[in-house]
1. From the list A:Thr54, A:Thr117, which residue is at pLDDT 95 or above and among the hydroxyl-bearing types (Ser, Thr, Tyr)?
2. Among (1) more than 11 Å from chain A (Cβ to nearest Cβ); (2) at pLDDT 90 or above; (3) surrounded by fewer than 15 Cβ atoms within 10 Å (Cβ to Cβ), there is one condition B:Val46 misses while meeting the rest; what is its number?
3. Taking segment A:19-31 as the region of interest, how many residues are within 15 Å of A:Arg56 (Cα to Cα), touching a strand residue (DSSP E or B) at 6+ places or on another chain (Cβ under 9 Å) and in a helix (DSSP H, G or I)?
4. Does at least one position in segment A:88-99 carry a residue that is over 13 Å from the mean Cα position of the chain (by Cα) and part of a loop (DSSP other than H, G, I, E, B)?
5. For the structure I just gave you, tell me whether A:Leu27 is more than 13 Å from every other protein chain (Cβ to nearest Cβ) and within 25 Å of A:Asp95 (Cβ to Cβ).
6. Suppose we filter A:Glu226, A:Glu181, A:Glu197 for residues that are acidic (Asp, Glu), surrounded by 17 or more Cβ atoms within 10 Å (Cβ to Cβ) and within 12 Å of chain B (Cβ to nearest Cβ); which single one remains?
7. For segment A:173-273, please list each of the strands (runs of 3 or more DSSP E) lying entirely inside it that holds at least 2 residues being closer than 29 Å to A:Leu47 by Cβ and touching a residue at least 12 places away in the same chain (Cβ under 8 Å).
8. List pairs: first in segment A:106-132 and without any contact (Cβ under 8 Å) to a residue 40 or more places away in the chain, second among the hydrophobic types (A, V, I, L, M, F, W, C), Cβ under 7 Å, 6+ apart or cross-chain?
Amino acid sequence: MAFNYKPYIREDKFPNIWCPGCGIGILMKAIIRAVHKMGWKREDVALVSGIGCTSRMPGYVNFNTLHTTHGRALAFATGIKHARPDKHVIVVSGDGDALAIGGNHFIHACRRNIDITLIVLNNMIYGMTGGQVSPTTPAGYRASTMPYGNVEPNFDTVNLAIGAGATYVARSTVNNPALMERQIKEGLQNKGFSVIEVVSNCHIQFGRRNKMGDQLVLRHWIKEREVPLRKAKDMSPEELEGKFVIGTFVKKTRPEYTEEYAKMVERVKGASK
Amino acid sequence: MAKPKKKFRIEVNEEWCKGCVICVDVCPTNVLDMKDMLSKWEGMVVYVKDIDKCIGCDLCELSCPDFAIEVYEVPQEEEAQSG
């Protein structure tokens, strides 16, 4: 009740740049609440972003923040974590940023299991650059580069992350801010690479081209397609086509990269004496 | 004796509100509504229509992307003092 966001935001930068009704603000609040519940100091948290609408977030939050090049947020974040393993690194990224342009960084960060929490805000389009088709645009839906409907099959962020070896994988939508917060907190607690996908609304670029130009219409469109994980287990793949299964998919432990690296350094030092 | 009903107070930051109507949409008891403000992007901002209906579910605060709405619980003793 009445969470005090003031210590965590840069008030002079507000109101934020995002379009009215955009889900990124909801995600930003969830991240702030999750960090607050972890009890971490602001100086110990680093928020890194690439390019896109989501990447404007580090400008508004009062952590250590870094705004990097397109798709390379995870590469920069890996550097931060490597140099300062005691800091907590969070990466916010859009679907195009994380899965298309930064796709390679994404799978290899999952493979290494480095202790970073990646939050992929999936709005199903490239919002900032003019509504181009992204790897998660649903089939049949229009984008500025697919004016007659998308013909490409799309990525499932969750399955991609599981396949590549992430140790915490979850998905929520903008309609469930409390669930989002809980998943981000679990991701922060996880010692390893955590991927949290948040399905959001881009009514300006995605919605407007698909007769859903109102934020509420698109939010309801997402809500209709939400399926809880325990319900989805009894459903066939055909029934799950075009649905967003929400919940926690993977929670496991695997050796963490910076710890393994430190062990290797110790071993080599010992051997050289 | 029935437990006294909890009371709540909702604060709206009109400077930051963009009039996206999400809070009005998510409110289960229709506490909030929009009023015209032509200087804003969408031409309207949220206002508290009927605070007595508020159940303190916090959904409007959680769902506001612009940090513009806050729900506070009014402590019972404070209410007694104010009459």
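1. A:Thr117
2. Of the numbered conditions (1) more than 11 Å from chain A (Cβ to nearest Cβ); (2) at pLDDT 90 or above; (3) surrounded by fewer than 15 Cβ atoms within 10 Å (Cβ to Cβ), the odd one out for B:Val46 is (3).
3. 5
4. No; the residues of segment A:88-99 include none that is over 13 Å from the mean Cα position of the chain (by Cα) and part of a loop (DSSP other than H, G, I, E, B).
5. Answer is no for this residue.
6. Values: A:Glu226 fails: within 12 Å of chain B (Cβ to nearest Cβ); A:Glu197 fails: within 12 Å of chain B (Cβ to nearest Cβ).
Just a single option satisfies the conditions, and that option is A:Glu181.
7. Per the criteria, A:194-199, A:244-251.
8. These pairs meet every condition: A:Gln132/A:Ala143.
The values are calculated or read from the model by the stated rules, or taken from the named source; none is laboratory data. Note that the structure is predicted; figures quoted are calculated from it, not measured. Quick reminder, even Gly has a Cβ in these numbers, built from the backbone with ideal geometry, and neighbours come from all protein chains shown.
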